[in-house]
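Participant: The structure is given below, and queries will be raised subsequently.
Computed from the coordinates by the stated procedures, all read-outs in this text should not be read as laboratory data. Computed from a predicted model, the values in this text were never measured in an experiment. All Cβ positions, glycine included, derive from the backbone under ideal geometry; neighbour counts span all protein chains shown.
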Amino acid sequence: MISESTLLDNPDGQLPAAAPTGGPIQSAITYEKIPTHIYADAKDASRAVAQEIADLIRQKQSEGKPCVLGLATGSSPKTVYAELIRMHREEGLSFHNVVSFNLDEYYPMEPDSLQSYWRFMREQLFDHVDIPAGNYHVPDGTLRTDKVAEFAKQYEAEIEAAGGLDFQLLGIGGNGHIGFNEPGSLINSHTRLMMLDNSTRAAASVDFGGLPKTPRKAITMGVSSILGARRVVLLAWGERKAPVIRGAVEGLVTELNPASYLQTHPNALFVIDEAAASELTRMKTPWLVDSVVWDNKMKKKAVTYLSLTLGKPVLKLTDRDYNDNGMSDLLAQYGQAYDINIDVFNQLQHTITGWPGGKPNADDTNRPERALPAHKRCLIFSPHPDDDIISMGGTFQRLRDQGHEVHVGYQTSGNIAVADDEALRFADYVVDFNTKFGIKSPKPPGFSRMQQLPFARKRTPKWTLPRCVT
Ligand code: F6R
């Protein structure tokens, strides 16, 4: 376990100090057992990580040595790779001395398959920089099963022969996996064939066209291979990663969250965006780690948190509840719980209205929406067609009833939420049903014979669902 003094000595985990803009958010870190840098967004964060990698490559070049990198795939490192490519093109960063070893590869997997990590690395980085072709390594997904153990040993031996990993880049799975070391992996695990967790397969199934087509196994570097790197940087973007990041950074070291093993590494750093940090104590309940400015927003955040944590209505919170839960500061500033409760209750109350577009001729001092102009033009954004109705159908209707002009912007056509094989399965079903009951399928307008062809076939065709052109 990393010691308290290590944390205090190295709170920044060595990335450049906070820049005036675009730098990490600095604040107290009392609960955190791994140095963690939080950035406003993934772009700023990726730039800082790419800069550290570039500095290392250049330093090794000046020493006449190879720079041995452990690399990850997935969505998280893409922005880092893009920045490295930019540095290669615009700043002359050369990769001639880089030797790289990727963390993992699906098994079985042909290197030129769409989902292969070999292909991913070439497309996202290697084909765009001057790394010599023989210098990069990705586990071989084409081996016979009985050859994998021998390959795994050799992979580790090659890393060793190259001088060990100078730098290991990681992403993190929603279940805490690093590489494909799924929960249950031991801290001393080595490179091996690993059964993938169902949640990992479900996340990957989008790329494979459904769960049944998603591989069940992967070859992955082990936890001990990762911990052997001299420097480890883990990336995480988005709210989906927030709970697992909290577990890894603030929780106990446990095989149930393999990323928590990084607490034992003397030179690890988490680089995350604000959304991925949202469950960390310093973000979620900042008043527990430092003094805060008790403005209305912070007051509301703290009191609603207290109410939810204690399972008590806001108006029933007592002075004691405030004192026992690290909010005595707030009490000291505003007097008594009674007044704070009413203030926050009113803040919450004023967000609820039967007049979402504002009530004409009403006093709107405490209303969420202004009274004038009485009739507004509203734009509702809906990630998928139907999210608007599911999440705010009543409000939608009320806006119309109250005479506003309402528009909806659908942010996708919805087609990516339904895999082609699902759509074809249902289309097949309709065709079978109609055939069986002698129902003549109506021909959709402008839907040519060619385009209808796949629907007429009994077996699921291999090609993708054609678009209906009207
Ligand atoms: C990929 C890898 C995985 C991913 C993790 C997060 O080489 O080792 O551990 O880093 O599944 O994936 P993304 O970044 O897509 O969320």
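Participant: Would you order Glu422, Glu279 from fewest to most other beta-carbon atoms within 10 Å of each residue's own beta-carbon? Please list the in-between numbers first.
Facilitator: Values: Glu422 13, Glu279 18.
By the 10 Å Cβ count, ascending, the order reads Glu422, Glu279.
Participant: Using a basic spin-label model with each label point 7 Å from the Cα along Cα→Cβ, how many nm lie between Gln51 and Ser328?
Facilitator: Roughly 4.1 nm, to one decimal.
Participant: Taking the Cα centre of the chain as the origin and placing charges on Cβ (Lys, Arg +1; Asp, Glu -1), which of Pro24, Cys378, Leu306 is farthest toward the positive end of the dipole?
Facilitator: Value computed over the given set: Cys378.
Participant: Using alpha carbon centroids, what distance separates region 123-153 and region 55-72, in Å?
Facilitator: Spelled out, the Cα-based centre of one part sits 19 Å from the other.
Participant: Right, another one. Percent relative contact order of region 87-138, based on C-alpha pairs within less than 8 angstrom and at least six residues apart? Present the calculation step by step, with values, prior to reporting the outcome.
Facilitator: Values: 48 pairs, mean separation 25.2, N = 52.
With pairs under 8 Å counted, the relative contact order is 48 percent.
Participant: Taking the Cα centre as origin and putting +1 on Lys and Arg beta-carbons and -1 on Asp and Glu beta-carbons, what dipole magnitude results for the chain, to the nearest 20 debye? All intermediate terms of the calculation are to be shown ahead of the outcome.
Facilitator: On the way: 50 positive and 56 negative charges, 394 e Å.
Using Cβ point charges on Lys, Arg, Asp and Glu, the chain gives about 1900 debye.
Participant: Lysine pairs in region 4-282 8 or more apart or on different chains: how many have alpha carbons under 17 angstrom apart? Write down the numbers at each step before the final one.
Facilitator: On the way: Lys43/Lys78; Lys43/Lys241; Lys78/Lys241; Lys147/Lys217.
Number of lysine pairs found: 4.
Participant: With the cut-off at 1.5 for a/c, could you classify the chain from its C-alpha gyration tensor as rounded, prolate or oblate? Walk me through the numbers on the way to the answer.
Facilitator: Numbers: a/c = 2.06, a/b = 1.11, b/c = 1.86.
Oblate, because a/c is 1.5 or more while a/b does not exceed b/c.
Participant: Can you give the helix-only mean residue ellipticity at 222 nm for the chain, where every DSSP H stretch with n ≥ 4 adds -39500 (n - 2.57) and the sum goes over all residues, rounded to the nearest 500 deg cm²/dmol? Don't skip to the answer; put the middle values down first.
Facilitator: Working: 16 runs with 176 residues, N = 470.
Calculated mean residue ellipticity at 222 nm is -11500 deg cm²/dmol.
Participant: Moving to a separate point now. Fewest Cβ neighbours within 10 Å first, please rank Asp421, Asp112 accordingly. Mind dumping the intermediate values first?
Facilitator: On the way: Asp421 17, Asp112 9.
In order of increasing Cβ crowding within 10 Å: Asp112, Asp421.
Participant: Another question about this same structure. Can you sort Tyr117, Tyr107 by how many other beta carbons sit within 10 Å, fewest first? Display every interim value, and only then the final one.
Facilitator: Numbers: Tyr117 25, Tyr107 22.
Fewest to most other Cβ atoms nearby, the residues stand as Tyr107, Tyr117.
Participant: Hey, another quick one. Suppose the chain between Asn198 and Arg377 were pulled fully straight at 0.36 nm per residue; how much longer would it get relative to their current alpha carbon spacing? Present the calculation step by step, with values, prior to reporting the outcome.
Facilitator: Numbers: separation 179, 0.36 × 179 = 64.44 nm, distance 4.54 nm.
Gain in length upon complete extension: 59.9 nm.
Participant: Okay, next question. As I understand it, the dipole of the chain uses +1 on the Cβ of Lys and Arg and -1 on the Cβ of Asp and Glu, about the Cα centre. Which of Leu315, Ile389, Gly354 lies farthest toward its positive end?
Facilitator: Ile389
Participant: Output the relative contact order of the chain, whole-number percent, from Cα pairs under 8 angstrom with separation of 6+ residues. Display every interim value, and only then the final one.
Facilitator: Numbers: 746 pairs, mean separation 57.8, N = 470.
Result for the chain is 12 percent.
Participant: Express the relative contact order of region 4-282 as a whole percentage, based on alpha carbon pairs under 8 Å and six or more residues apart in sequence.
Facilitator: For region 4-282, the relative contact order is 23 percent.
Participant: While we're here: Can you tell which of His96, Tyr106, Gly70 lies farthest toward the positive end of the dipole of region 57-111, using +1 and -1 charges on the Cβ of basic and acidic side chains (Lys, Arg; Asp, Glu)?
Facilitator: The listed residue farthest towards the positive side: His96.
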